[in-house]
Amino acid sequence: QVQLVESGGGLVQTGGSLRLSCAASGRTFSTFGLGWFRQAPGKEREFVAALRWSGTNTYYADSVKGRFTITRDSAKNTVYLQMNSLKPEDTAVYYCAASFAYRMNPADFRSWGQGTQVTVSS
(Lines give C-alpha, C1' and ligand atoms only; values in the text may rest on other atoms or scores of the structure.)
Protein backbone atom coordinates (compact mmCIF):
# COMPACT_ATOMS: atom_id res chain seq x y z
CA GLN A 1 0.00 0.00 0.00
CA VAL A 2 1.12 3.50 -0.85
CA GLN A 3 -0.49 6.51 0.77
CA LEU A 4 -0.42 9.93 -0.85
CA VAL A 5 -1.33 13.23 0.73
CA GLU A 6 -1.65 16.38 -1.36
CA SER A 7 -1.51 19.93 -0.08
CA GLY A 8 -1.08 23.46 -1.35
CA GLY A 9 -4.25 24.13 -3.26
CA GLY A 10 -6.22 27.34 -2.96
CA LEU A 11 -7.74 30.34 -4.68
CA VAL A 12 -5.55 32.51 -6.88
CA GLN A 13 -6.10 35.16 -9.50
CA THR A 14 -5.31 34.72 -13.17
CA GLY A 15 -1.57 34.94 -13.68
CA GLY A 16 -0.80 33.90 -10.13
CA SER A 17 1.16 30.96 -8.81
CA LEU A 18 0.65 28.02 -6.47
CA ARG A 19 2.84 25.12 -5.39
CA LEU A 20 1.30 21.75 -4.70
CA SER A 21 2.99 19.06 -2.63
CA CYS A 22 2.43 15.32 -2.60
CA ALA A 23 3.93 13.31 0.23
CA ALA A 24 4.17 9.55 -0.25
CA SER A 25 4.39 6.95 2.50
CA GLY A 26 4.09 3.21 2.84
CA ARG A 27 5.52 0.86 0.20
CA THR A 28 7.01 3.60 -1.91
CA PHE A 29 9.82 1.25 -2.96
CA SER A 30 7.26 -0.51 -5.17
CA THR A 31 6.68 2.66 -7.20
CA PHE A 32 8.68 4.25 -9.98
CA GLY A 33 7.54 7.82 -9.49
CA LEU A 34 4.62 10.15 -8.90
CA GLY A 35 2.37 12.15 -11.13
CA TRP A 36 -0.23 14.86 -11.00
CA PHE A 37 -3.65 14.66 -12.59
CA ARG A 38 -6.60 17.03 -12.46
CA GLN A 39 -10.34 16.88 -12.89
CA ALA A 40 -12.51 19.88 -13.60
CA PRO A 41 -16.28 19.83 -13.00
CA GLY A 42 -18.05 17.87 -15.71
CA LYS A 43 -14.80 16.73 -17.30
CA GLU A 44 -12.74 13.58 -17.22
CA ARG A 45 -9.58 13.36 -15.19
CA GLU A 46 -6.53 14.32 -17.21
CA PHE A 47 -2.80 13.89 -16.88
CA VAL A 48 -0.81 16.98 -15.89
CA ALA A 49 2.80 16.03 -15.11
CA ALA A 50 4.98 13.20 -13.81
CA LEU A 51 8.50 12.20 -12.99
CA ARG A 52 10.39 9.20 -11.69
CA TRP A 53 12.11 8.99 -8.33
CA SER A 54 15.46 8.96 -10.16
CA GLY A 55 16.74 10.38 -13.40
CA THR A 56 16.01 13.69 -15.09
CA ASN A 57 13.05 12.95 -17.33
CA THR A 58 9.87 14.87 -16.71
CA TYR A 59 6.56 14.60 -18.51
CA TYR A 60 3.97 17.30 -19.06
CA ALA A 61 0.62 17.74 -20.72
CA ASP A 62 0.81 20.19 -23.61
CA SER A 63 -1.62 22.49 -21.83
CA VAL A 64 0.80 23.13 -18.95
CA LYS A 65 4.20 23.03 -20.64
CA GLY A 66 6.21 26.15 -19.91
CA ARG A 67 3.96 27.10 -16.98
CA PHE A 68 4.12 24.13 -14.59
CA THR A 69 7.24 22.49 -13.20
CA ILE A 70 7.35 19.14 -11.42
CA THR A 71 10.20 18.43 -9.02
CA ARG A 72 10.95 15.92 -6.30
CA ASP A 73 12.70 15.47 -2.99
CA SER A 74 13.44 11.76 -3.04
CA ALA A 75 14.75 11.79 0.52
CA LYS A 76 11.34 13.00 1.67
CA ASN A 77 9.33 10.92 -0.84
CA THR A 78 7.70 14.15 -1.89
CA VAL A 79 6.87 15.58 -5.29
CA TYR A 80 6.01 19.20 -5.97
CA LEU A 81 4.10 20.92 -8.74
CA GLN A 82 4.97 24.59 -9.19
CA MET A 83 2.19 26.22 -11.15
CA ASN A 84 2.86 29.65 -12.66
CA SER A 85 0.85 31.88 -15.00
CA LEU A 86 -2.33 30.19 -13.87
CA LYS A 87 -5.43 30.44 -16.02
CA PRO A 88 -9.11 29.96 -15.18
CA GLU A 89 -9.03 26.75 -17.22
CA ASP A 90 -6.54 25.34 -14.70
CA THR A 91 -9.32 25.27 -12.12
CA ALA A 92 -9.77 21.68 -11.00
CA VAL A 93 -9.20 19.21 -8.22
CA TYR A 94 -5.58 18.13 -8.47
CA TYR A 95 -4.72 14.56 -7.57
CA CYS A 96 -1.43 12.87 -6.95
CA ALA A 97 -0.89 9.25 -7.92
CA ALA A 98 1.92 6.72 -7.94
CA SER A 99 3.24 4.94 -10.99
CA PHE A 100 3.82 1.22 -10.65
CA ALA A 101 5.55 0.92 -14.01
CA TYR A 102 8.73 2.46 -15.38
CA ARG A 103 7.10 3.75 -18.57
CA MET A 104 4.98 6.28 -16.58
CA ASN A 105 1.96 5.78 -18.81
CA PRO A 106 -1.13 7.45 -17.26
CA ALA A 107 -2.76 4.01 -17.14
CA ASP A 108 0.02 2.85 -14.78
CA PHE A 109 -0.89 5.29 -12.02
CA ARG A 110 -2.76 4.11 -8.93
CA SER A 111 -3.05 4.83 -5.21
CA TRP A 112 -4.71 8.20 -5.63
CA GLY A 113 -4.56 10.91 -3.01
CA GLN A 114 -7.63 12.72 -1.75
CA GLY A 115 -7.07 15.70 -4.04
CA THR A 116 -6.61 19.40 -3.48
CA GLN A 117 -8.77 22.13 -5.00
CA VAL A 118 -7.18 24.76 -7.21
CA THR A 119 -9.38 27.66 -8.23
CA VAL A 120 -8.19 30.39 -10.57
CA SER A 121 -10.39 33.46 -10.71
CA SER A 122 -10.63 35.65 -13.80
Unit charges at the beta carbon, dipole of the stretch 18-102: most positive-side option, 32, 60, 42 = 32
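Residues with beta-carbon under 9 Å from that of residue 23, excluding residue 23: net charge, scoring Lys, Arg +1 and Asp, Glu -1?
Summing Lys/Arg as +1 and Asp/Glu as -1 gives 0.
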task = State the percent of C-alpha pairs, over all pairs in the stretch 71-122, separated by a distance greater than 15 angstrom.
result = 61 percent
inquiry  = Let me check I have the definition right: for the stretch 1-119, take the eigenvalues of the Cα gyration tensor, multiply each by 5, take square roots. What are those semi-axes in whole Å, largest first?
reply    = 22, 14, 13
note = The correct ranking of 72, 38 by accessible area at 1.4 Å, largest first, is 72, 38
request  = Collect residues whose amide H, placed 1.01 Å from N in the peptide plane, falls under 5 Å from the amide H of residue 86; neighbours closer than 5 in sequence don't count.
outcome  = 15, 16
request  = Using every Cα-Cα pair within the stretch 1-58, state what percent have a distance larger than 17 Å.
outcome  = 54 percent
note = The relative contact order of the stretch 2-122, taking Cα pairs under 8 Å that sit 6 or more residues apart, comes to a percentage of 37 percent
query = Once you put a point 7 Å from the Cα of residue 27 and another 7 Å from the Cα of residue 59, both along the Cβ direction, what distance in nm separates them?
reply = 2.1 nm
ask   = Just how large is the dipole of the chain about the Cα centre, in debye to the nearest 20, putting +1 at every Lys and Arg Cβ and -1 at every Asp and Glu Cβ?
value = 220 debye
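Counting only protein heavy atoms, what percent of the accessible surface of the chain is carbon or sulfur at a 1.4 Å probe? Show your work: numbers first, answer last.
Details: 3020 of 6250 Å².
Summing carbon and sulfur atoms, their accessible area is 48 percent of the total for the chain.
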message = I'd like to check one number: the per residue accessible area of the stretch 1-96, probe 1.4 Å, reported in Å² as a whole number.
response = 51 Å²
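The values are calculated or read from the model by the stated rules, or taken from the named source; none is laboratory data. This is a predicted model, so every value here is computed, not measured. Heads up, the Cβs are rebuilt from the backbone with ideal geometry, glycines too, and the neighbour counts pull from every protein chain shown. For accessibility, only protein heavy atoms count, side chains too; no ligands or nucleic acids. Shrake-Rupley method; radii C 1.70, N 1.55, O 1.52, S 1.80 Å.
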